[in-house]
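Values in this text are rule-based calculations from the coordinates and carry no lab data. Values in this document were obtained by computation on a predicted structure and should not be read as measured data. Positions of Cβ are backbone-derived with ideal geometry, glycine not excepted, and every protein chain shown enters the neighbour counts.
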Amino acid sequence: MPDPAFTKAPLRIDGATLRLVRLPLVTPFTIATGTMTEKVFPLLTLRADGLEGYAEGVMDPLPDYLEETVSGAMDLLEKVLLPQVLGKSFAHPESLARQMAPWRANHMAKATVEMAFWDLWAKSLGLPLQTVLGGEGEAVDVGVSLGIGPIAGTLDRVAAHLQQGYRRIKLKVKPGHDIALLRAVRHDFPDAPLTVDANCCYTLADTDLIRRMDDFALDYIEQPLAWDDIHDHATLQSRIRTPICLDECIRTVEHARKALQTDAARVVNIKVGRSGGHAEARRIHDLCEAFQVPVWCGGMLESGIGRAHNIHLSTLPNFTKPGDTSSASRYFTRDIVCEKLETEAGRMPVPRGPGIGVTLDLDYLATATLSSQDFRA
Ligand code: OSB
Ligand code: MG
């Protein structure tokens, strides 16, 4: 429901710019499904009343995390979603989301539009995004997600990030790169807050192997089974002690409800860009809170635009575990925003100012832009 504290005259979307942006990654990032060497993403600007709102899409070029793709999303944004909101007025982001609700799934493409409007709307109210979302606080706890690589190198990276104050280490695992890795990391770091993320690479046939992870005092195991299989996660949770955290499976609050009611997840990774936007992410957050299930904010190697959105969302009260919104410099030598998004002792400061609180570095953005299209109402 729209919060009556934040009502104002409807905002008419009078223009938009849709860019396709490419940023090289500082180091390749390998997870169970493959290796990323660059980040390619749609960057959307929405305009109203002389203000601009920004968001990025978190889909990948290939459908290897979820089913959405960059090219599919660009097409949907250009031909369907943007024409549907341009020239229209919305009093609240929820009403804009309703415009896109009839279309099936495509939560990442819809989130791109919804999130840009939240930024615009917060700016029109002169308030930080965290305030209109219902969050508070000046910084959030963060951990790191370490990609798959040789064990010796991973031990060095664990040490370096603990040294920097990161509050949780998440290790990417896959079959053949799991138990030995955990044994080595636990041997060297007996007390480190540790989790693993399997990105869907196991099945129930691996139950015995997954149960061996119970010996390593993991805070949770993230998304061990298929991206669309809440049911098998419930079965697995009944057979292991370590809490399961769902990521890929939770794209809507209905997915969260089914997971929580069946004890398929005792922790939830919320990614706003995967969940249709802030309104749905907040509904997932609230439902988890009602079930006394803690949440944390996931990441998709976002640029400063998506990172800023994630940080603001992470200030809601049930984000009680460290998120993946670590320092931008871990990902990119130069980011497309002017502000530095860097952690201090394992805490990421919330960017100040109205909306998401970061601004585009237009000079650098121009060099990273593969295509750009303007829309006018
Ligand atoms: O599963 O959380 C994931 C990155 C790309 C795709 C999926 C995932 C991830 C990460 C990295 O774990 C999170 C980040 O550092 O942004
Ligand atoms: Mg994950």
Only counting other Cβ atoms within 10 Å, I'd like Leu155, Leu246 sorted with the fewest neighbours first.
Leu155, Leu246
For the Cα atoms of the chain, what angle does the longest principal axis make with the long axis of helix 179-188, in degrees from 0 to 90, nearest 10?
90 degrees
Round to the nearest 10 and give me the degree value, 0 to 90, for the angle of helix 278-290's Cα axis relative to the longest principal axis of the chain.
40 degrees
Can you say what percent of the DSSP beta bridges in the chain, counting only those with both residues inside, are antiparallel? Round to 5.
65 percent
Among Glu254, Glu68, Glu302, which one shows the biggest mean-square fluctuation in a GNM of the chain, springs joining Cα atoms closer than 10 Å?
Glu254
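To the nearest µm²/s, what D does Stokes-Einstein give for the chain at 4 °C and 1.567 mPa s, using the Kirkwood radius over alpha carbon pairs as Rh?
Details: Rh = 20.8 Å.
Answer from the Stokes-Einstein relation: 62 µm²/s.
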Provide Ile230, Ile311, Ile169, Ile240 in ascending order of the number of other Cβ atoms located within 10 Å of each residue's Cβ, fewest first.
Ile240, Ile230, Ile169, Ile311
Have a look at Pro354, Pro102, Pro93 and tell me which one the Gaussian network model of the chain (Cα, springs below 10 Å) gives the largest fluctuation.
Pro102
Considering the Cα positions of region 157-293, please state its Rg to one decimal place and its Dmax as a whole number of Å.
15.0, 42
For the chain, with a Gaussian network of springs between Cα atoms less than 10 Å apart, report the residue from Asn310, Asn106, Asn269 with the top mean-square fluctuation.
Asn106
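Counting other C-beta atoms within 10 Å, and keeping those with at most 14, which DSSP coil trypsin sites (Lys or Arg not before Pro) do you find in region 227-288? Kindly include the intermediate steps, with their values, before the conclusion.
Numbers: sites: Arg239, Arg241, Arg251, Arg257, Lys258, Arg266, Lys271, Arg274, Arg282, Arg283; in loops: Arg239, Arg241, Arg251, Arg266, Lys271.
Within region 227-288, the qualifying trypsin sites (Lys or Arg not before Pro) (loop, at most 14 other Cβ atoms within 10 Å) are Arg239, Arg241.
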Can you give me the C-alpha center-to-center distance between region 53-75 and region 204-261, rounded to a whole angstrom?
25 Å
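To the nearest 0.05, what FRET efficiency results for Ala345 and Ala101 with a Förster distance of 30 Å applied to their C-beta separation?
Values: r = 42 Å, r/R0 = 1.39.
Once rounded, the FRET efficiency stands at 0.10.
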Count the lysine pairs in the chain whose Cα atoms sit under 21 Å apart, keeping only pairs 8 or more residues apart in sequence or on different chains.
20
